[in-house]
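Below: one structure, written as structure tokens.
The values are calculated or read from the model by the stated rules, or taken from the named source; none is laboratory data. Quick caveat: nothing in here was measured; it's all calculated off a predicted structure. In this analysis, Cβ positions are derived from the backbone assuming ideal geometry, glycine residues included, and neighbour counts consider all displayed protein chains.
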Ligand SMILES: Nc1ncnc2c1ncn2[C@@H]1O[C@H](COP(=O)(O)OP(=O)(O)OP(=O)(O)O)[C@@H](O)[C@H]1O
Ligand SMILES: Nc1ncnc2c1ncn2[C@@H]1O[C@H](COP(=O)(O)OP(=O)(O)OP(=O)(O)O)[C@@H](O)[C@H]1O
Ligand SMILES: [Mg+2]
Ligand SMILES: [Mg+2]
Ligand SMILES: O=P([O-])([O-])[O-]
């Protein structure tokens, strides 16, 4: 198992946001988290790179094993962890800097300063994110001037530049138009060959298209986790079925 | 026709938000507006009670006929219009007052002050909104202390109290839990007998359950408007089909 | 320094700074002297504060200032303090003043007042009691009287209370008291029912907005009836009891610095011209000469 | 008359009243500016700007006053900005919602509301007396620095708040440390806003007279200060002094000096507003 | 955590805690000046006495005349600023088109950026003579014109802060009100103002605190005569003016006069401190309501 959650409970102050969650994800697969708004998908996703650490009053119990090691162990350095677990957010969030500066930021803060090496890494990451052809002549343009879909792919490139092995994506296409959405979905297909991917989505068809397994969350609980096909055709739980068939949400 | 839109174009400053929309709605029917985020559903809905009037830079062209009269004609008084066209919003928005004060607000500002008459009207509206039994002992409690679903029904009661003939609802259940959602949907079924209802929803199954006709919007255009069944089983336009089948959104 | 300037009497070589503080009554003259002195010695920084005579002396006797402007002689307690701090000094009269009682120009009733009437207004017992014009003379208007007077750190206050109330530093406390005479002028000149007192120069400067009250000391040996302050009545002593000399006090340590010596000599040389310019009353020439001599002796005494 | 028409008439009436109230403010502002311009504009010339104070209004200038103001501005900036911006960064980026943090917050809100003259008393006792600085530029600038510190902190915090959380998250997610994120992403993104606040605080400092009166800046200072230890005067104090003189010519001087002071104040505010607008245009989150 | 990160955080922490030192400094300075004062003068006499003549031979130490002067100018200022400011806030929020609002708001805020000496000058040389045209008994220094001018000066505090508070009311409430057919006036007074009331109260309290602490304006235009009166037509003295007046006289360190300004300062500080805390507390409560 590449990633494994063991008995995860999470709290925002007194609010019990995640309730005893166990889940395991294999290497080089895509796992989709689905569920109605507020059920805890994002909270859970962010537990895998300890992104919730800075939230006041937030508390996690349980273990997350990445390659068999608990990332919540005492001696773990959070910034090192995040170099191994990249993240892409719902709204594209490029830094207000040039495209190039966005892509190399992760490398620069690691102390890399060789210009040629940086440029090479940037090109590679932009290629992987299927953005190179669109921006290669404008690397010094502000990232904010790109379209939403391009911005999101830039954020993916930025995450890839530091060579993580896991990629977390929180509704990466929900703010995008159909064409950009299709591009991102295609990209996920390609990235699966190298990366272990976890994606949160509210679009069930999207989950169906891109993921190998799907986990359905409801009110802080993991209701069901199974092969995507199984979830959509033969859900075990009534709540899953209600959600899939659009009874609510 | 109860409501009819003729060649509606709408602009936020330079942004062309609605493009040449024509649509007609019969009395005592439910019409659903669907479409991806930002396509103009809410903008269009709010045109029917001139709710956009106070937005700076907003401009409408075309005619909206309510019972055959153009509500954008010069001599129309907006506050009178809004008494005929009630509105329910996405997030429940009760006034920070008591339940009773919320329901009678619309009558009070019209100058009605007879206590008995107000109480009677309040009871009737709360009955219609299927809320009476839950709140009848607590009419003086703060409306903010109600649950989300109760708040939304209170907002519906508030709208019904001034006896409109049209009811506009902008994603009235999207912030609610499954049980409240079901209650609201049931309510819509009942209200249809007296009111002409227009509902915006992002939940296609909901549209399927509650509406008689469905209008699909895409990037400011009305792509298709037809019997709900037709739209869902046999859409004419490729974009409608893509959306219905979850290709994007 | 350039020759052209030296031929004009400037002394470019003098530097340093001179700290002056004290009387607001004397301030206009010292300010004028300091300003003219700039052309004499442009690199000497002269600062002149306005703390009132008493406030100034408090600093002077601790050696914090070089010169104190003073509208009365140093008091015993102040002198004692100076002694304790090993401060020695020289008193130099520089001009004459007629302490002026003023009212608003539209005040038609109070053109003359007797010293007794002033006492009735200003004595400590008047506080909260004498508050209306008609309490002074029944025929005067039944209107609240608004009083403006020199602040308690000022020599003017000491002098006025001594001369009018009979005891230095004793007066009522419910009046607008300011060390800054400009504030008093402002107050009286904008208030029809005001009465105030301050140095003659401030009256002269603002004659158009103020009306001086003629004072009757009910002592015919020095002029009969009510008398208005003027250069003549002050000089010949008929404007009594409110005529007085004004002084500067020079610290002996400071007087061993060349810029201070230069400044004081410049002061005495120009005292008459500048004091008349700002509104005070010139001293007789031989008096000035005497002071200059006194100062020179004082300075040469220090050198030994 | 129906209720509905009555409601509409009331509605209109209030609209008229609202415009009337606004006009009162605007007319007052216009009257003030026009009055001061008409009184003082003719008095402003090169001599006025470059002359030392004099007993004669017509010869008196504001050289020492604006030189003192300039000194105060520079010194205050040097002291208040590093302190205030650091404190703002600490409070916004580093503290969790602890008791200490909320105590600091209440404390700063309180300091922002302490009357300026109290700062004068603080400066008088601490800087002028205890630390023996006397009524020097340095003492004045330190006093004003403490006075504007809450403004700098609060505006720094607000500008930092305006930087979307997503920027920080983006940076953290790439393995950046707290300080790397703050220094490389958040502060550059907030720079415009911070600068705006900093300039606003200077404009406040320029206009303050009360605390400086208390620390003793009201001597007749007929020379331009040449070091932070010199005594000084500033424009508002020069104006205060001239205003308290009864002679009409000095009031003209005061009006002329007010024009210069307003010029500086408006200039600083103008720059701040310009920067803010530019910033808003540049970055659309 | 890395060492450099620790050091940087420590430095930033130091900067933040300096603000606490400032508060401690203020309290220490005020107390160390006042305590010796209160050893000579009974606190009872200080807070109940109606005569304030600490500079005179016959010394009285009743702070009430200064408090009355402060209260008077503040009350006049608020009487001017509150109705004007609140009306403007509502007008801008509910009636004015966005373009007008975005020009008027900053223009009105100019009122708050003008140094207060300028207002003092204007009150003394323009407003007082103007008012004397109607009120012949009006003294040259008086609380009335100082209070009026101060009121106009603090209009933007009330109008801008109240406007912000009204703007912060969720848009959905306004829409609900309009959706029911309310007029703008009804929307404003029946829904928006009640919902924003705590924010509006905060703005008024802050304006009061500002008026209480205002110095140069009253020092120039309201007079320097401690007087236990609520008559706005005569010269009075505020707490702040008293401090300025004594400071101008260049107070000898350690004297009783020197200490009176700290005692007066302490009273001023207590007033404003109470007001500021009150507003802070209300604001906190109010923020929770809408978060
Ligand atoms: N910072 C926070 N403080 C307190 N509660 C929070 C915080 N963030 C989220 N929550 C609560 O935790 C629960 C789970 O939130 P989360 O964002 O994980 O939901 P989600 O499934 O991602 O929903 P969505 O689809 O709307 O993004 C929600 O009830 C939310 O209100
Ligand atoms: N006040 C406004 N000013 C400018 N543009 C606006 C405004 N309100 C909406 N828009 C724009 O108009 C378009 C249509 O918005 P609208 O709110 O009608 O979309 P919608 O279909 O209701 O979306 P959603 O499902 O997210 O509610 C969007 O692109 C939106 O950005
Ligand atoms: Mg989420
Ligand atoms: Mg919408
Ligand atoms: O001249 P005095 O200021 O001391 O009165």
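In the set (1) surrounded by fewer than 23 Cβ atoms within 10 Å (Cβ to Cβ); (2) in contact (Cβ under 8 Å) with a residue 40 or more places away in the chain; (3) part of a loop (DSSP other than H, G, I, E, B); (4) within 11 Å of another protein chain (Cβ to nearest Cβ), residue C:42 fails one condition alone, (2). Restricting the first member to segment A:89-108 and to residues that are over 16 Å from residue D:172 (Cβ atoms) and facing chain D (nearest Cβ under 8 Å), and the second to residues that are within 16 Å of ligand 1 (Cβ to nearest atom) and outside any loop (DSSP other than H, G, I, E, B), no beta-carbon pair is closer than 6 Å while six or more apart or on different chains.
Among the residues that make up segment A:6-16, is at least one of them under 15 Å from residue A:216 (Cα atoms), more than 16 Å from ligand 5 (Cβ to nearest atom), surrounded by 19 or more Cβ atoms within 10 Å (Cβ to Cβ) and in contact (Cβ under 8 Å) with a residue 12 or more places away in the chain? Talk me through it step by step, then tell me what you get.
Going through segment A:6-16, the residues under 15 Å from residue A:216 (Cα atoms) turn out to be none.
The answer is no, given that none of the residues of segment A:6-16 is under 15 Å from residue A:216 (Cα atoms), more than 16 Å from ligand 5 (Cβ to nearest atom), surrounded by 19 or more Cβ atoms within 10 Å (Cβ to Cβ) and in contact (Cβ under 8 Å) with a residue 12 or more places away in the chain.
Confirm whether residue A:135 is within 16 Å of ligand 3 (Cβ to nearest atom) and either at pLDDT below 90 or touching a helix residue (DSSP H, G or I) at 6+ places or on another chain (Cβ under 7 Å) (or both). Spelling it out, it is not the case that residue A:135 is within 16 Å of ligand 3 (Cβ to nearest atom) and either at pLDDT below 90 or touching a helix residue (DSSP H, G or I) at 6+ places or on another chain (Cβ under 7 Å) (or both). Within segment B:163-179, residues that are on the phi > 0 side of the Ramachandran plot sit with their Cβ atoms under 6 Å from residues that are away from ligand 5 (no atom under 16 Å from the Cβ) and part of a loop (DSSP other than H, G, I, E, B), at 6+ positions apart or across chains, in these pairs: B:171/B:90; B:171/B:201.
Scan A:32, A:24, A:17, A:73 and give me the residue that is closer than 21 Å to residue A:1 by Cα, outside any helix (DSSP H, G or I) and within 16 Å of ligand 3 (Cβ to nearest atom). After applying the criteria, what remains is A:32.
Of the residues in segment A:43-58, at least one is touching a residue at least 12 places away in the same chain (Cβ under 8 Å) and in a strand (DSSP E or B).
For the residues D:70, D:37, the requirement of being within 24 Å of the chain's Cα centre (by Cα), over 27 Å from residue D:211 (Cβ atoms) and modelled with pLDDT of 90 or more singles out D:37.
Each row is one residue, and each column tells you yes or no for (1) in contact with a strand residue (DSSP E or B) (Cβ under 7 Å, 6 or more places away or on another chain); (2) closer than 30 Å to residue D:205 by Cα; (3) modelled with pLDDT of 90 or more.
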{"residue": "E:51", "(1), (2), (3)": "no, no, no"}
{"residue": "E:65", "(1), (2), (3)": "yes, no, yes"}
{"residue": "E:71", "(1), (2), (3)": "no, yes, yes"}
{"residue": "E:74", "(1), (2), (3)": "no, yes, yes"}
{"residue": "E:82", "(1), (2), (3)": "no, yes, yes"}
{"residue": "E:95", "(1), (2), (3)": "no, no, yes"}
{"residue": "E:105", "(1), (2), (3)": "no, yes, no"}
{"residue": "E:113", "(1), (2), (3)": "no, yes, yes"}
{"residue": "E:116", "(1), (2), (3)": "no, yes, yes"}
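Residues that are under 13 Å from residue C:93 (Cα atoms) and modelled with pLDDT of 90 or more do occur in segment C:249-259. Total residues in segment B:17-39 satisfying the condition of being surrounded by fewer than 23 Cβ atoms within 10 Å (Cβ to Cβ), within 14 Å of chain A (Cβ to nearest Cβ) and more than 16 Å from ligand 1 (Cβ to nearest atom): the figure is 2. Filtered by the rule that a residue be assigned to a helix (DSSP H, G or I) and without any contact (Cβ under 8 Å) to a residue 40 or more places away in the chain, segment E:190-219 gives E:190, E:191, E:194, E:195, E:197. Only one of the numbered conditions (1) surrounded by fewer than 24 Cβ atoms within 10 Å (Cβ to Cβ); (2) under 18 Å from the mean Cα position of the chain (by Cα); (3) facing chain E (nearest Cβ under 9 Å) is not met by residue D:199, and that is (3).
Here is a check on your reading of the model: is residue A:195 out of contact with any helix residue (DSSP H, G or I) (no Cβ under 7 Å at 6 or more places or on another chain) and more than 14 Å from chain B (Cβ to nearest Cβ)? The answer is yes for residue A:195.
Quick check: anything in segment E:6-27 in contact (Cβ under 8 Å) with a residue 24 or more places away in the chain and either assigned to a loop (DSSP other than H, G, I, E, B) or at the interface with another protein chain (Cβ under 7 Å from one of its Cβ atoms) (or both)? There is at least one residue in segment E:6-27 that is in contact (Cβ under 8 Å) with a residue 24 or more places away in the chain and either assigned to a loop (DSSP other than H, G, I, E, B) or at the interface with another protein chain (Cβ under 7 Å from one of its Cβ atoms) (or both). Of all residues in segment B:78-88, one or more are closer than 30 Å to residue E:100 by Cα and not in a helix (DSSP H, G or I).
Looking only at segment B:129-152, which residues are within 14 Å of chain E (Cβ to nearest Cβ) and either over 14 Å from residue B:98 (Cα atoms) or in a helix (DSSP H, G or I) (or both)?
To start, the set of residues in segment B:129-152 that are within 14 Å of chain E (Cβ to nearest Cβ) comprises B:142-145, B:148, B:151-152.
Hits for segment B:129-152 are B:143, B:144, B:145, B:148, B:151, B:152.
Any idea which residue in segment C:66-94 is nearest to ligand 2 (Cβ to nearest atom), counting only those that are part of a loop (DSSP other than H, G, I, E, B) and farther than 23 Å from residue C:159 by Cα? Outline the logic, then answer.
In the first step, residues of segment C:66-94 are kept if they are part of a loop (DSSP other than H, G, I, E, B); the result is C:66, C:71-75, C:85-88.
Those still in the list that are farther than 23 Å from residue C:159 by Cα too: C:66, C:85-88.
Numbers: C:66: 71, C:85: 77, C:86: 81, C:87: 78, C:88: 83 Å.
Filtering first and then ranking leaves C:66.
Going residue by residue through segment A:223-237, is there one that turns out to be at negative phi, out of contact with any helix residue (DSSP H, G or I) (no Cβ under 9 Å at 6 or more places or on another chain) and in a strand (DSSP E or B)? Write out each step before concluding.
Taking segment A:223-237 as the starting set, the residues that turn out to be at negative phi are A:223-237.
From what is left, the residues that are out of contact with any helix residue (DSSP H, G or I) (no Cβ under 9 Å at 6 or more places or on another chain) are A:226-227, A:230, A:233-234, A:237.
Narrowing the set further to residues that are in a strand (DSSP E or B) leaves A:226-227.
Yes, there is a match, as at least one residue in segment A:223-237 is at negative phi, out of contact with any helix residue (DSSP H, G or I) (no Cβ under 9 Å at 6 or more places or on another chain) and in a strand (DSSP E or B).
For residues that are more than 26 Å from residue E:51 (Cα to Cα) and part of a loop (DSSP other than H, G, I, E, B), scanning just segment C:163-216, find the one that is nearest to the other protein chains (Cβ to nearest Cβ). My answer is C:206.
Flag not set for residue B:185, criterion: outside any helix (DSSP H, G or I) and either within 14 Å of chain A (Cβ to nearest Cβ) or surrounded by fewer than 23 Cβ atoms within 10 Å (Cβ to Cβ) (or both). Selection of segment E:201-217 for residues being surrounded by fewer than 24 Cβ atoms within 10 Å (Cβ to Cβ) and more than 12 Å from chain D (Cβ to nearest Cβ) yields E:201, E:204.
Does residue D:224 count as surrounded by fewer than 24 Cβ atoms within 10 Å (Cβ to Cβ), under 27 Å from residue D:142 (Cα atoms) and out of contact with any strand residue (DSSP E or B) (no Cβ under 6 Å at 6 or more places or on another chain)? Steps first, please.
Details: surrounded by fewer than 24 Cβ atoms within 10 Å (Cβ to Cβ): yes; under 27 Å from residue D:142 (Cα atoms): yes; out of contact with any strand residue (DSSP E or B) (no Cβ under 6 Å at 6 or more places or on another chain): yes.
When the stated conditions are applied, residue D:224 passes them.
The lone criterion from (1) out of contact with any strand residue (DSSP E or B) (no Cβ under 9 Å at 6 or more places or on another chain); (2) at pLDDT below 90 left unmet by residue E:185 is number (2).
One line per residue, one yes/no per condition, for (1) touching a helix residue (DSSP H, G or I) at 6+ places or on another chain (Cβ under 6 Å); (2) in a helix (DSSP H, G or I); (3) buried (at least 23 other Cβ atoms within 10 Å of the Cβ); (4) at the interface with chain E (Cβ under 7 Å from one of its Cβ atoms):
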{"residue": "D:69", "(1), (2), (3), (4)": "yes, yes, yes, no"}
{"residue": "D:81", "(1), (2), (3), (4)": "yes, yes, no, no"}
{"residue": "D:85", "(1), (2), (3), (4)": "yes, yes, yes, no"}
{"residue": "D:89", "(1), (2), (3), (4)": "yes, yes, yes, yes"}
{"residue": "D:102", "(1), (2), (3), (4)": "no, yes, no, no"}
{"residue": "D:141", "(1), (2), (3), (4)": "yes, yes, yes, no"}
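Would you point out the residue of segment E:223-238, among those that are within 13 Å of chain D (Cβ to nearest Cβ) and either at pLDDT below 95 or in contact with a strand residue (DSSP E or B) (Cβ under 9 Å, 6 or more places away or on another chain) (or both), that is farthest from residue E:75 (Cα to Cα)? Give the derivation first.
As a first pass, look at segment E:223-238 and keep what is within 13 Å of chain D (Cβ to nearest Cβ): E:223-224, E:238.
Checking the rest, the ones that are also either at pLDDT below 95 or in contact with a strand residue (DSSP E or B) (Cβ under 9 Å, 6 or more places away or on another chain) (or both) come to E:223-224.
Numbers: E:223: 17, E:224: 18 Å.
Result: E:224.
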